[in-house]
Amino acid sequence: MNIVLVDDELFVHGIFEAVVNNFEGVNVAGKFLCPRKALSYIETNNVDLVFLDIQMPDFSGLDFLNEMDRKQMKADVVVVTANQDYAVNVINNKRVVYFIKKPLHEYSIKEAINETREKQELTRQKDEAINLQIEINQKTRELSNVTTQIIQSNINSLSSSYQSLISQINSAISAQRRLNALRSSSSSWYADWW
């Protein structure tokens with residue numbers, strides 16, 4: 001998991017990196033004091049999670065989130081702030097997976113990473129289920145088409161056999177009528193002869 005930290009306080013970078021380096025499978029891909037540089041980095045690199053300070057000069061974490069939404073960036077966000085009043089402004093953002101009140105602690109960072117891993121796994125499973133459903137629907141359509149072709153072929157074959165049978169029955173009826181007519185005419189000839 002590639003993580004980026006965006007915080008204008010340099011000491012937070014040191015604490016964050018010391019804690020995150022203890023997690024297996026987690027890579028601190030970047031630490032940024034400037035939010036705009038972080039956005040440029042995220043836009044061109046594979047980033048799974050952003051730890052984002054809200055209160056920053058010139059370009060706040062809220063501006064950062066809005067820009068991520070506008071550019072349709074995929075990374076999830078953990079909001080990190082000393083002022084929990086900002087939670088109201090970000091709680092409904094679909095990117096925000098966790099909220100940490102400063103100061104940073106190992107427990108809260110670990111929980112945020114675990115929440116993100118769970119969310120990503122659920123998203124992966126959901127995408128896999130959607131793809132399987134699409135494949136099932138496609139195979140069902142294919143099977144339906146093949147079944148329709150088989151039924152149509154059987155109907156055509158049965159129709160042909162039925163028509164042949166009707167023709168044979170009509171021929172037999174015609175032959176029976178001729179035979180009856182012949183018997184009838186033969187009977188009258190035989191009666192006349194005696």
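The values are calculated or read from the model by the stated rules, or taken from the named source; none is laboratory data. No experiment lies behind these values; they were computed from the predicted model shown. Cβ placement follows ideal geometry from the backbone for every residue including glycine, while neighbour counts extend to all protein chains displayed. Side chains are part of the model used for accessible areas, which takes the heavy atoms of the whole protein and leaves out ligands, DNA and RNA. Shrake-Rupley method; radii C 1.70, N 1.55, O 1.52, S 1.80 Å.
From the list ASN66, ASN46, the lone residue that is within 31 Å of the chain's Cα centre (by Cα) and under 19 Å from THR123 (Cα atoms) is ASN46.
Restricting the stretch 76-115 to residues that are modelled with pLDDT of 80 or more and among the hydroxyl-bearing types (Ser, Thr, Tyr), the residue that is least open to solvent (accessible area, probe 1.4 Å) is THR81.
Within the stretch 66-80, the presence of a residue that is in contact with a Gly (Cβ under 6 Å, 6 or more places away or on another chain) and over 17 Å from GLU115 (Cβ atoms) is excluded.
Within the stretch 41-50, the presence of at least one residue that is buried (at least 16 other Cβ atoms within 10 Å of the Cβ) and among the charged types (D, E, K, R) is confirmed.
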